Every structure is written in structure tokens, then in C-alpha cells.
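This report concerns only the one structure given below.
The values are calculated or read from the model by the stated rules, or taken from the named source; none is laboratory data. In this text, all values refer to a predicted model and were calculated from it rather than measured experimentally. Cβ placement follows ideal geometry from the backbone for every residue including glycine, while neighbour counts extend to all protein chains displayed.
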Amino acid sequence: MSYELAPFADLNLTEPLLALLVEEHEETTRSACERLLSYYRNDEEASVGAGGAVTWRAAQAAGLPDRLTRPIDGAPPKEIVIENDIGWRIQTVVDYVAGRDVAFVSRARDPQMAQTIGEVIEALFEANGSTGWLQEAVLLGAVYGHVDLLLRVEEMPRRESKTQAGLEALLNVVRSMRLEVVERPRGFALLNPTDYRRIDAYIIHHERWLNDVEGGGFLSRVGSWLKRSRIESPPRRATTTVTEIISATHRQVYEDEQLVLSEPNPLGFIPVAHVQHQRRPFEYSGLGEVEPLIPLQDELNTRLSDRANRVTLQSFKMYLGRGIEGFGERPVGPGQMWITENPEASIETFGGDAESPSEENHIREVREALDKISAVTPLAAGLIRAKVGTLSSENAMRISLLGILSKTLRLRQLYGRGLSDLCSMVLSALDQSGWLRTEPCDRCVEALWAPPIPQDESRVLADALVKRDLGVPSEVILAELGYGDRPRAQPQPGR
């Protein structure tokens, strides 16, 4: 490798250190992340066997024991049953955390400034996918353990005038900003040696597809196509390896180890908001939803496969005929008769499915363990099994969903903090470029989340009456009830 790392000399980022970080990321982090993603998606992989037969195998089958995946010579293949409990649990978490639109409230002291900031943040998220972008971030964080939110402002022009810009021009500049979700396999941080919470530099290393085919220029590709019979492998789409280094003062981009961009960082800070899905003390990386569930998922798939094989062997009755000629040549069925003169002839019945209470109990206990570890029960996904008794519908639902609601609240706090940090970076970039002058104390933006479960209509109306008695404007109350346009949230006193 050949890197020109002089702009990062103050961080002690040398070429051997960068090469070591990239190697560790490729060999350790990326392989671990591929395993987590495969358990979440459970994609089927094709394999070609003897005679060119193509067989498909689910990704989670890699966790099954050899007695199921490697049958003995001459024995028929065992039945494999894969029930992806990890996938639907993660999707349920994403639906509860980010299934509805998120509103943003500015805590700026000036009401007019707070309204302008609210419109700026709303335009920013609408231009970058709004709820879909947030769902993508929560999903990747749930799979890999953490996610990094990157702000890109390369195309933002600088405003030379000292006066405030017009609102429409300001919103157009904000819409040119790009919010990028950097997943764990693609990006990693160079942490401060004395504080693991501080990022000295952020490195993005990945392969990017090109609109080209490997094998040289156009004429050489035409020649290879004309001589296709001599090609040992089919043509593949060309790729390039991209390495991007971002510090508080500089930014570099390499393609196939060649420097293609080197420029100062005008922001003066690293525009990355780090979000841990679940906290890990004294570590930069977080804990996701997949990793704790893998052992139990393997156990569940193993027991389901064992039960399927047992049912296959015992579902049908078998008959043992003695002293009857041609018994094996004629099928057993209703009205079928055999005639023999052998007084010792007999037909013995055996087989048939039988109950296995220990097996069923074990599978049920594994599912309950998955529920406890993930805090996501089948009820949260819409399967009604809980006994709600005589409680009201809303209270019964909250009690039955206590685990997922607590998880939702915790995750919304973590991702809300990341969104607030990202909004603060946006306002700081606009202030430095002259488009929207703000003070650091005015850059606090809070994310407001919608209730994760439907609320009781009578309780909502009672709360509206209380708000009216407290002096909340009638138009605001009517808008919250859905009888008018929802006004923009106004700043409130600090907590």
C-alpha cells in the first residue's frame, strides 16, 4: 500500500497502522458481520452436487449438527427445518422504534429561530428518506450492534453575505446535504488512545461496483467475447476498493490505493454520530439483537429438524406380513385382501405417530428463552395468546407488551441522541457557511416519537380537556386530535 498520510500526522496515523486497521477490519469484523447478517436474512445458497443437481440450503443450516447436514452413505438425506425467529423479532423491533414519522422540536430561545430550525431539519430528513432512512439505521444497528450516521456537505456553497438567507434558498442548501448510514462492515473509527469515546479519525473501507466489465478496454472485451470458448471463467463486473479517511481537519479518498481526493475539512469536526444499539461498557462497538439469539436459534432449528424426521418415520403405519405370497408386491389399502393356505400367516402393524411430551416442552422452553432474551414476544408481532383477564384493552396491551415497550423506550433514547447530535452538526455547518447563524445553545434539537401502540380514544379526549384547562391553544389541541393541520412544535423551557 502507498498512502500519503501527512495531513494526519498529528493523529499518529501512519501507513503501517492504517494497513493493520484495514486488515483487522477485513479479516475479523467483516467476517463476523457477515455471519450476523446471514442469520438475520437466512438467505438460501445454491450448491451443485453430483450430476449437476442444484440444491438449496438456508444460511442458518450452518449451525445444525453434522448428524443432520452430513447423512451417512446410502442413507436418505435428513429433513431440515429452519424457522427464522431472529428475522421477525428484529423486524418487530424496527416497527416499534421507527415505524411512524418522527417530529423534531428546536430548543432555541427565540421562537422565530426555533421555527426556522424546525423547517430546516424537516426539509433535511425529507430529502434523505425520512422514516425509511431512520428504519434503515435502526435495522443495521439491530443486526450489527451499532451504526454510524454520517453527514456529507461537499456540495454546500458558502454564503458570503452577513445577512440571513431567504428561507427557500436556505432549504435548497439543506436539501443538498446527504445523510448517510454507515454500517459496521463498511466503516470503523480510529479512537483516541486515552478516551474510547472520542474519535480521532473515521475510516470507510469498502468495494464499490463500477459500470464496467473486468478484462481491459472495449476491444479486448470484444475479442474475449468472440473467443468465449477459451474463457475459463465468465466475465464479472468491475469493482474498485475505496478507502476514505476523515479527521477534524482533513479528508482523503483513495481508489485502489491511489489518492483521488485530498481536501481540508471546513467543518472543523468529524461529522459522524455514533449510535450503539445496546450499550457495551468501555467499548466503541455495541451489542445487536442477532448475536445473543444465535445459540438458541441453532437449538430451535435442531429440535425442529429432529421432530420433522421423527414425524416422517412414525406418521405412517407399516405392516409386516408373514407367510403370505406376494405381500410386498400388492399395496396396502382399503378393501385389499390376501388369500393364503398357510395357517401360521399373520400381518403385524407397527409404527404410527406417538406423543413426545419432553420434545414439545423443550421446544416451548427454547421459544420462551428467545422471548426473554429479545423482549419480543409473538404478541408484539400480532399473535394474540396472552390472557388479558378483565383489564381494559389499553392496560392489558401495555402489560402484555411491557418488555417490547421498555426496549422501545430505551432504543428511542439512544437513536434520539444520535439524531440530536446529527442535527447539531447540520446547524453548525450552516452557521460556519453563513447560511443560518446560530449559537451553540440554540442547536439543541429533540426528536419526538409517536406512541408505539394505539391509545384509548377516551383517554386521548380526557388529556385534551386537561390541556385546554392548562391554556394550550385550541388549534393546537384540535390538530393533535386530527381535526386540523398540525402546527410546528414550539420551543419549551429546558428540563
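Annotations
- Of R303, R279, R251, all but one fail to be farther than 19 Å from S374 by Cβ and basic (K, R); the exception is R251.
- Residue in the stretch 299-322 that is nearest to the chain's Cα centre (by Cα), counting only those that are among the aliphatic types (A, V, I, L, M) and over 17 Å from P71 (Cβ atoms): L300
- Test result for I339, in a strand (DSSP E or B), more than 30 Å from V94 (Cα to Cα), modelled with pLDDT of 80 or more and not charged (D, E, K, R): no
- Subset of the stretch 39-67 (residues that are hydrophobic (A, V, I, L, M, F, W, C), in a helix (DSSP H, G or I) and out of contact with any Asp or Glu (no Cβ under 7 Å at 6 or more places or on another chain)): A50, A61, A62
- Qualifying position, being without any contact (Cβ under 8 Å) to a residue 24 or more places away in the chain and surrounded by fewer than 18 Cβ atoms within 10 Å (Cβ to Cβ), among F316, F350, F327: F327
To keep it simple, each residue is scored yes or no on (1) charged (D, E, K, R); (2) within 30 Å of D431 (Cα to Cα); (3) buried (at least 17 other Cβ atoms within 10 Å of the Cβ).
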{"site": "H274", "(1), (2), (3)": "no, yes, yes"}
{"site": "L300", "(1), (2), (3)": "no, no, yes"}
{"site": "R307", "(1), (2), (3)": "yes, no, yes"}
{"site": "R310", "(1), (2), (3)": "yes, no, no"}
{"site": "G333", "(1), (2), (3)": "no, no, no"}
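Every residue, every condition in (1) modelled with pLDDT of 95 or more; (2) in a loop (DSSP other than H, G, I, E, B); (3) more than 17 Å from the chain's Cα centre (by Cα), yes or no:
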{"residue": "V143", "(1), (2), (3)": "yes, no, no"}
{"residue": "E154", "(1), (2), (3)": "no, yes, yes"}
{"residue": "P157", "(1), (2), (3)": "no, yes, yes"}
{"residue": "R198", "(1), (2), (3)": "no, no, yes"}
{"residue": "I203", "(1), (2), (3)": "yes, no, yes"}
{"residue": "E207", "(1), (2), (3)": "no, no, yes"}
{"residue": "N211", "(1), (2), (3)": "no, no, yes"}
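- Those helices (runs of 4 or more DSSP H) of the stretch 365-473 in which at least 1 residues are modelled with pLDDT under 85 and buried (at least 19 other Cβ atoms within 10 Å of the Cβ), considering only elements entirely within it, cover 393-400.
- Complete set of residues in the stretch 58-78 that are surrounded by 16 or more Cβ atoms within 10 Å (Cβ to Cβ) and of a type outside the set (G, A, S): Q60, L64, L68, K78
- Sole exception among (1) part of a helix (DSSP H, G or I); (2) assigned by TED's automatic domain parsing to the domain that holds L139 for I246, by number: (1)
- Hey, P264 assigned by TED's automatic domain parsing to the domain that holds D421 and either at negative phi or charged (D, E, K, R) (or both) or not: yes
- Conditions (1) part of a helix (DSSP H, G or I); (2) surrounded by 10 or more Cβ atoms within 10 Å (Cβ to Cβ); number of the one not met by A9: (2)
- Of the residues making up the stretch 322-334, none is among the small types (G, A, S) and in the same structural domain as A142 (by TED's automatic domain parsing).
- Residue tally, condition surrounded by 20 or more Cβ atoms within 10 Å (Cβ to Cβ), in contact with a helix residue (DSSP H, G or I) (Cβ under 7 Å, 6 or more places away or on another chain) and either farther than 18 Å from L430 by Cα or not polar (S, T, N, Q) (or both), over the stretch 100-118: 3
- Some residue of the stretch 273-287 being within 15 Å of I203 (Cα to Cα), in the same structural domain as R89 (by TED's automatic domain parsing) and either acidic (D, E) or not in a loop (DSSP other than H, G, I, E, B) (or both): yes
- Condition met for I121 (β-branched (V, I, T), touching a helix residue (DSSP H, G or I) at 6+ places or on another chain (Cβ under 6 Å) and within 15 Å of D442 (Cβ to Cβ)): yes
- L36 within 26 Å of S262 (Cβ to Cβ) and part of a helix (DSSP H, G or I): no
- The set of residues in the stretch 106-141 that are among the polar types (S, T, N, Q) and in a helix (DSSP H, G or I) comprises Q112, Q115, T116, T131, Q135.
- Close pairs (8 angstrom Cβ cut-off, 6 or more residues apart or separate chains): farther than 15 Å from N192 by Cα in the stretch 4-21, surrounded by 14 or more Cβ atoms within 10 Å (Cβ to Cβ) and among the aromatic types (F, W, Y) anywhere: E15/Y3
- From D85, D73, residue being among the acidic types (D, E) and in contact (Cβ under 8 Å) with a residue 40 or more places away in the chain: D85
- Top-ranked residue in the stretch 276-298 [being among the polar types (S, T, N, Q) and in contact with a His (Cβ under 8 Å, 6 or more places away or on another chain); ranked as farthest from A429 (Cα to Cα)]: S285
- Test: residue in the stretch 246-267 that is in contact (Cβ under 8 Å) with a residue 24 or more places away in the chain and within 15 Å of R184 (Cα to Cα): no
- Among residues of the stretch 420-447 that are in the same structural domain as A273 (by TED's automatic domain parsing), those with a beta-carbon under 6 Å from a residue that is of a type in the set (D, E) and surrounded by fewer than 22 Cβ atoms within 10 Å (Cβ to Cβ) at least six positions away or on a different chain give the pairs R437/D431; T438/D431.
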